[in-house]
1. Can you check what the Kirkwood hydrodynamic radius comes to for the stretch 97-328, Cα pairs only, in Å to one decimal?
2. What's the exposure ranking of 236, 294, 136, going from fewest to most Cβ atoms within 10 Å?
3. Within the stretch 162-190, which residues have the backbone N less than 17 Å from the label spot 7 Å out from residue 251 along Cα→beta-carbon, could you tell me?
4. Put +1 on the Cβ of each Lys and Arg and -1 on the Cβ of each Asp and Glu in the stretch 97-328; which of 327, 269, 233 then has its Cα farthest toward the positive end of the dipole?
5. My understanding is that a pair violates if its Cα-Cα distance is over 24 Å; which of 277/321; 198/224; 118/321; 224/250; 198/326; 118/222 do that in this structure?
6. Rank the residues 297, 310 as a footprinting-exposure proxy: fewest other Cβ atoms within 10 Å of their Cβ go first.
7. So between residue 174 and residue 193, what do we pick up on full extension, going 0.36 nm a residue minus the alpha carbon distance?
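What follows is calculated from the coordinates using simple rules that are stated; it is not laboratory data. Computed from a prediction, not measured in an experiment: that's the story for all the values here. Methodologically, a virtual Cβ is constructed for each residue, glycine included, from the backbone with ideal geometry; neighbour enumeration extends over all protein chains shown.
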Amino acid sequence: MGRRGPSLCGARSAMCEINQTEPAPIFPSFSATPHHQAVRGLLLQSCEFGSKCCRFSPPLPFSFGRFGVRCNYAETRLEEDSNSGTIDVVADVKSERVVVLGGSGFVGSSICKAAVSKGIEVISVSRSGRPSYPGSWVDQVTWMPGDVFYLNWDEVLVGATAVVSTIGGFGSEEQMLRVNGEANVVAVNAAKDFGVPKFILISVHDYNLPSFLLSSGYFTGKRKAESEVLSKYPNSGVVLRPGFIYGKRKVDGFEIPLDLIGQPLERILRATENFTKPLSSLPASDLLLAPPVSVDDVALAVINAITDDDFFGIFTIEQIKEAAEKVRV
Ligand SMILES: NC(=O)c1ccc[n+]([C@@H]2O[C@H](COP(=O)([O-])OP(=O)(O)OC[C@H]3O[C@@H](n4cnc5c(N)ncnc54)[C@H](OP(=O)(O)O)[C@@H]3O)[C@@H](O)[C@H]2O)c1
């Protein structure tokens, strides 16, 4: 659970690397990660600095996950016969383009808001499209109305660096299997076909429920979606398993302040966890004991998943909070 893979390219911290001694092959890391495979061959942007000359290739029509720029800098010397050395500069610049499925929903809108605040390009897809409430972040998201079962994926996924799915919900057994399971399976396969390097799924905690309850359409659908993510994205797929998510849920122009219940409950459960821990082995005990998580924490954990290539696998409630904390810091 919550595996952290080997560091592939120092995605979060080392965005720019200067190599003054050994010239590296051009874009050596492109074939190393799925992220890079998505853009391989398209990004031979060259940058040449002479003493007073700088040349860039023209801007690309859409942004890519990460691109490398190798610069050969010829040292300017006054003497004509100088042994002018060269300095190789390899810059690894990250630019994210994230597709949020269900970006107009309760959790999805928090993810969109957090992502635009981090400078990430965001496209939301949902049947209702753009939400009706105002907000400066709302204007920064590209809202695409569409149903994942009938979507023209090439209008959405080309150039995407990650897909985040918040699609899920309740209803009849059949509806729950379809919305929690099939809808996400369709999305995972579309993302894989289009070479999107990362898929992040908002799933759910199992509440320590006995297996006969976990066989409901809701949980069966969720687990089916999880398996699809983990099998198609074994080294970059992310499954977040929150329990009750609190925050301000907007419904038909009204705001339901779920945080009035969730926030104090989270504090009480944290304060009493030493006493309640022995109860956690009892079936279904987590219906009472699983700590709620704020919608902001879920959104920040998603940001962490988008920006950190070492973050993949299944993440529990506590691990979601830890991941959120890293981004908040
Ligand atoms: N809220 C919680 O306490 C909680 C706890 C644990 C896990 N989760 C999980 O977290 C996820 C998000 O929950 P939420 O509370 O944010 O739900 P939500 O507000 O109902 O959001 C779901 C989003 O999915 C979109 N959607 C549904 N079917 C779609 C389709 N066929 N094509 C395109 N978009 C579709 C909906 O928009 P349209 O209807 O406009 O299409 C909506 O934007 C769900 O998977 C849920 O199971 C939630």
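1. 17.9 Å is the Kirkwood radius here.
2. 136, 294, 236
3. Residues passing the 17 Å test: 168-172.
4. Result: 269, furthest along the dipole toward the positive end.
5. Checking Cα-Cα distances, 224/250; 118/222 exceed 24 Å.
6. Least crowded to most crowded, the residues run 310, 297.
7. 4.2 nm
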